[in-house]
């Protein structure tokens, strides 16, 4: 049951959804929001996505597949990290979904990560996603 947990982070951004969407889909901006990881994909449903970088002194190359693209509204992908120590099988992937909701001239951004693991892992993921929301906010409000 713990494997079905969801990590969530939400924040308000004083920018239109199109500006937030640009941060989420522009490789250079997204890299800044994703702790410096290089993100490669064409943002088409069914296409691969890779994340390459360093985390806590360890190099990584994570992977997944784009599952949802609704411009200015929803962006989703599956994600697997070898750093998890888990085998590369479907049950060890999680899905990350970015939801953009227009709110009073700005945007509410919510990030959900399914299959977040134990309560401790879920809290850790939620804290990381909260940092991503803050980075996206700073980049979109420029």
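Values quoted throughout were computed directly from the atomic coordinates according to the rules given, and no laboratory measurement underlies them. Being a predicted model, the structure only gives us computed values, none of them experimental. Positions of Cβ are generated from backbone atoms using ideal geometry, with glycine treated the same way; all protein chains shown enter the neighbour counts.
Quick notes on this structure:
- Taking other C-beta atoms within 10 angstrom as a stand-in for reagent exposure, 77, 35 fall in the order 35, 77, fewest first.
- Rounded to the nearest 10 degrees, the angle from helix 119-140 to the longest Cα principal axis of the chain is 30 degrees.
- The fewest-to-most ranking of 69, 45, 20 by surrounding Cβ atoms within 10 Å reads 45, 69, 20.
- When only Cα pairs below 8 angstrom with a gap of at least 6 residues are kept, the stretch 2-140 shows a relative contact order of 36 percent.
- Mean residue ellipticity at 222 nm, helices only, the chain: -8500 deg cm²/dmol; runs of at least 4 DSSP H residues each add -39,500 (n - 2.57), and the sum is divided by the number of residues.
- D (Stokes-Einstein, µm²/s), Kirkwood Cα radius, the stretch 1-71, 1.306 mPa s at 10 °C: 113
- Here is the tail figure for the stretch 41-134: Cα pairs spaced more than 21 Å apart come to 36 percent of all pairs.
- Panel order for 88, 42, by other beta carbons found within 10 Å of each beta carbon, from fewest to most: 42, 88.
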